[in-house]
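Below you'll find the structure, written out as structure tokens, and then a few comments.
The values are calculated or read from the model by the stated rules, or taken from the named source; none is laboratory data. None of the values given here were measured: they were computed from a predicted structure. Neighbour counts are summed over all protein chains in view; Cβ atoms, including those assigned to glycine, are modelled from backbone coordinates with ideal geometry.
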Amino acid sequence: MTHTALLITIDTEGDNLWSQPRVVTTRNAEYLPRFQVLCEKYGLKPTYLTNWEMVHSPAFREFGRDVLSRRTGEIGMHLHAWNSPPLSPLTADDDHYQPFLIDYPEDQMREKVKRLTCELEDTFGVTMASHRAGRWSFNETYARVLVDHGYRVDCSVTPHVSWAATSGDPAGTGGTDFSRFPETAYFVNLNDIGLPGDSSLLELPVTIIPSSYPNVLQSTRTFLAHHPFGARVANRFFPPALWLRPTQRNRKMLLHILAIAQQEQRPYIEFMLHSSELMPGGSPTFPSRKSIEALYDDLEALFTAARDIFEGLTLCDYYECQASHQAGIGGEK
């Protein structure tokens, strides 16, 4: 691997789940071929991290099998615990609260991972090896369950970001606080997932860079953040961290992240998006055809800038490079 790797990860899930629908639809599967064609144009190989409803979408099944047959992408797992069998109500209204997998007892966690893993493997005829947790909720028990089911790569960590104030089960303790987790790849310590260890599970954190503002802007942001409405304003105009994730308003920031990655000689950068964000009305961020066209303009600009600097790999491609590198170090005398 001579270039920095560009890892394209897509949370492949139902339409506009932000609206907490009672009936989940999967029309966004019909919009994935356009994105795949764009990625292939630039030599990129997306990893489609797939949940329960999408593995049962005929359109996605056809799409995924084609991608795998041509070796132009990867299928991994993305588990939404509230609607992934076996189903056992955890809250008064699971569709509304959307509990995290880590809210469930360990035996139910294991069964849900087992069922979805088997469904994906039976559908696509490949071994599942890559994973992202639903709603960014991850812990040591979850990591051990993944290892026990043969997963080699996780990409649930969002460095500099805490989900502790985000609720799943109202009786639970909130989401995972990743604010002090590493920014770069590491093999997970199964006793503390925020530390490197000797497990077989490689963590590939999403590329998120802490923001840096002049003192006067930082003071303004701090003042606004003390008020609910002000916090929304602050997060929109002065985000605390910069994600490699399009939002319709951040093309310059995306290109800035590429420049930082090149300057710091990072071994990889990891882009993320939801499959439903590629469909008009599939998300709050891209509600119209016009907004989708603007998204594709931003993607063209980003991928064009990355073309000669970054190498497109899937998550498992990167794992193989990392494992080979580790083996080489271990074999040196």
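Applying the criterion of being among the aliphatic types (A, V, I, L, M) and closer than 15 Å to T117 by Cα to the residues of the range 144-174, the residue that is nearest to the chain's Cα centre (by Cα) is V153. If only residues of the range 220-252 that are modelled with pLDDT of 95 or more and in a helix (DSSP H, G or I) are counted, the one that is surrounded by the fewest Cβ atoms within 10 Å (Cβ to Cβ) is K252.
A single entry from G174, G125 fulfils the requirement of being under 21 Å from T9 (Cα atoms), among the small types (G, A, S) and out of contact with any Lys or Arg (no Cβ under 7 Å at 6 or more places or on another chain): G125.
Scan the range 256-300 for residues that are within 21 Å of E53 (Cβ to Cβ) and buried (at least 20 other Cβ atoms within 10 Å of the Cβ) and jot them down. Those that are within 21 Å of E53 (Cβ to Cβ) and buried (at least 20 other Cβ atoms within 10 Å of the Cβ): M272, L273, H274, S275, S276, E277, L278, M279, G282, S283, F286.
Residues in the range 29-36: is at least one more than 25 Å from Y318 (Cβ to Cβ) and of a type in the set (F, W, Y)? Looking through the range 29-36, at least one residue is more than 25 Å from Y318 (Cβ to Cβ) and of a type in the set (F, W, Y).
What residue, among those in the range 68-85 that are surrounded by 15 or more Cβ atoms within 10 Å (Cβ to Cβ) and farther than 15 Å from E121 by Cα, is nearest to the chain's Cα centre (by Cα)? Among residues in the range 68-85 that are surrounded by 15 or more Cβ atoms within 10 Å (Cβ to Cβ) and farther than 15 Å from E121 by Cα, the one nearest to the chain's Cα centre (by Cα) is H80.
Is it true that R251 is farther than 27 Å from D154 by Cβ and either in contact (Cβ under 8 Å) with a residue 24 or more places away in the chain or out of contact with any helix residue (DSSP H, G or I) (no Cβ under 6 Å at 6 or more places or on another chain) (or both)? Judged against the criteria, R251 is a match.
In the range 112-135, what residues are outside any strand (DSSP E or B), of a type outside the set (A, V, I, L, M, F, W, C) and over 10 Å from S84 (Cβ atoms)?
K114, T117, E121, D122, T123, G125, T127, R135
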